[in-house]
1. Placing +1 at every Lys and Arg Cβ and -1 at every Asp and Glu Cβ, with all other atoms neutral, what dipole size does the protein assembly as shown have around its Cα centre, in debye to the nearest 20?
2. For B:Val262, A:Val96, what ranking results if the residue with the fewest other Cβ atoms within 10 Å of its Cβ goes first?
3. Rounded to the nearest 20 debye, what is the charge dipole size of the range A:279-358 about its Cα centre when +1 sits on each Lys and Arg Cβ and -1 on each Asp and Glu Cβ?
4. Just round it to a whole percent: the fraction of Cα-Cα distances in the protein assembly as shown exceeding 41 Å.
5. Sorting B:Met320, B:Met106 on the 10 Å Cβ count, fewest up front, what's the list?
6. What average count of beta carbons from other chains do you get within 10 Å of the Cβ of residues in B:316-328?
7. Let me check against my output: what whole-number percent is the relative contact order of chain A, with C-alpha pairs under 8 Å and at least 6 apart?
8. As a quick test, which of the pairs A:Lys177/A:Lys256; A:Lys337/B:Lys348; A:Lys25/A:Lys286; A:Lys339/B:Lys348; A:Lys286/B:Lys348 have an alpha carbon distance above 20 angstrom in this structure?
Number of protein chains: 2
Amino acid sequence: MNWAVIMAGGVGTRLWPRSRDQVPKQFLDLLGQQTMLQETVQRLEPLLPLSRVLLVVNQDHASMAREQIPGLPAENLLIEPARRNTAPCIALAATVLRQRDPAAVMAVLPADHYIADGPGFRRAIAAGAQVAAGGHLVTLGITPNQPHTGYGYIQRGAPLGEAGGQPAFRVQRFAEKPDQDTARHFVDSGEYYWNAGIFVWQVETILGELSRLSPSFAAALAGVAAAWQSPRQAGALLAAWDCVPQTSIDYAVMEKATQAAVLPVDIGWDDVGSWATLSDLLSEDKQSNLVHGAGLHILLDTAGAYVYTSPGRLVAVVGMEDLIVVDTPTAVLICPKDKAQAVREVVKRLKADGLEEFL
Amino acid sequence: MNWAVIMAGGVGTRLWPRSRDQVPKQFLDLLGQQTMLQETVQRLEPLLPLSRVLLVVNQDHASMAREQIPGLPAENLLIEPARRNTAPCIALAATVLRQRDPAAVMAVLPADHYIADGPGFRRAIAAGAQVAAGGHLVTLGITPNQPHTGYGYIQRGAPLGEAGGQPAFRVQRFAEKPDQDTARHFVDSGEYYWNAGIFVWQVETILGELSRLSPSFAAALAGVAAAWQSPRQAGALLAAWDCVPQTSIDYAVMEKATQAAVLPVDIGWDDVGSWATLSDLLSEDKQSNLVHGAGLHILLDTAGAYVYTSPGRLVAVVGMEDLIVVDTPTAVLICPKDKAQAVREVVKRLKADGLEEFL
């Protein structure tokens, strides 16, 4: 693996009201001193210099991305004119990479995930590159530690031998987010892994499969390839983005590909999908309260709370358990930890009500 | 009764973070379009012109009081140099009144109570004046509708006949805030009433009893009486306030007086002692959510909530029951309704931590 593509185009609605249209989840310091994007870049550093990292962002966030990753070469920042899900994003990155390095092997990484075991992550990516050299489309499969219903699952098939000391497998099938019973069956079987959306493949392999399985991508991106690094680049990208299918790489390629492989890993991965998840990741003790932010707080007779405070403001909580309070300069969210997934419904309502200033 | 004295010197800590040192409870529009002080004044209007109303406020709130009650004659606003509980406040008002009208009968009214039945209230005050004409210190006794442990109680004694069609009684004794069992015994006996701190008496009677039972008041206020309406008024008041006992009228006089009387009333009285009480007063249906304030709100899967919002801010609540959220421009309070009394502990903590800007 000699290139990494970081996808930083997500929205993170379930981490509203901190994650907003103008500053989505991956640009926030949710887990510590650095933003999730910065942590993603640093996690790669022992493996790759920044000159080998492509970063794909929405045009609204380009200047913020430059500020957060000042060492990134200008030509390594790919700016999407609009949000189009992962398939167009990956197709663009692969198209650009092929021009610079036709033999490139690329890892694809979301910018907004937590990974506890950095060395394990790097070993997995390096092992994935070995498997990818055989023409496989490699997905990291996260060993599940609970029957989570919020993730897609990957069932392993026939063994593909070892890479870097870890066994790899053909993918038997990709399974959508399951119900509780199905999830338990998956986990108990020992054959299923969480789909983390982390991939390793040769640029030629992914572009070949994209052309074969979703020909409209090849058509849309041919113009981009021809115009890249020319004065026509921006116009070509806009034109391509008008007609490119808005779909995920899983749907466009992985679920139909014959050469999909899964590399099981156990690297302390989490997609930080909600305030409750974030709180769990950071709390050693679920009884204790966890407080973040630059504001003030008073918690009386309160346990298991996650509280975020903003400068100049005070959050006071009395007599609550397992509560989430996220207080920003313009909005405050209050919900129990076991309802944290429903925060996306708040965002839907804000959109439906036209309350753009809070999105 | 030909005069009313409205006491507006309270703090209302249990209604933090709206009730603050600079704008306490009685100056807020907690219950509707008008402030509690304005409602208290209007409740009196059919009975008395503003020229017969004295208003006692802390010096920090004098200009706010003038703005809220613009028709009040300047000489009817009594300004306390510092907070000294109800006995000094009432002694000052009675001292000033005696100079203007030695035969005055005065009603004493807190500025921060809710009374549903205005006509009933006025009938009770008028009846109290009849009883007071006989030299009694009259307290309104609120017929209890539950064994409340947050109020003091008054036990009635021998009948004193009727006034305005309502029976009056001598006071047998005043009882401190009881425990639950004692409160239930009080209510079941039919002999006990809540002490609402609403009094009617002749100026001569209260000043006589003050002199007899708490001689230090007479000493402290003699200088004030002599200097009133002279250039020495402010200095005399400051001097008196330095040495006057900081105590309640109940403790200084009522509990020891021989001529105390109680007039039982059922006028929909409430001291609006907490956010939960306020919410109950205003909700016809305890299941429904009650939202106040000029901000925005989104309540999903939430029932029985009281939410106060501030301009330009949004409160979002997901999956909660019987919750109080009070969101002000600088602080947000979150607590279950059944813990609303504990809000005073938050205020204590703020004081202890020196966080004056939030008090």
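A short reminder: the numbers here are calculations on the coordinates, not readings from a lab. Treat the numbers as computed from the prediction; the structure is a model and nothing was measured. With ideal geometry, Cβ positions are generated from the backbone for all residues, glycine too; neighbour counts draw on all protein chains shown.
1. Details: 58 positive and 74 negative charges, 170 e Å.
It comes to approximately 820 debye.
2. Details: B:Val262 28, A:Val96 23.
So the residues, fewest neighbours to most, are A:Val96, B:Val262.
3. Numbers: 8 positive and 12 negative charges, 49 e Å.
Dipole of the range A:279-358, to the nearest 20 debye: 240 debye.
4. Numbers: 123648 of 257403 pairs.
Percentage above 41 Å: 48.
5. Numbers: B:Met320 24, B:Met106 27.
Ascending Cβ contact count within 10 Å gives the list B:Met320, B:Met106.
6. Values: counts 15, 5, 12, 10, 6, 1, 0, 3, 1, 3, 1, 5, 2.
Per-residue shielding by partner chains comes out at 5.
7. Values: 714 pairs, mean separation 67.8, N = 359.
Relative contact order, chain A: 19 percent.
8. Details: A:Lys177/A:Lys256 18 Å; A:Lys337/B:Lys348 28 Å; A:Lys25/A:Lys286 23 Å; A:Lys339/B:Lys348 32 Å; A:Lys286/B:Lys348 28 Å.
Listed pairs above 20 Å: A:Lys337/B:Lys348; A:Lys25/A:Lys286; A:Lys339/B:Lys348; A:Lys286/B:Lys348.
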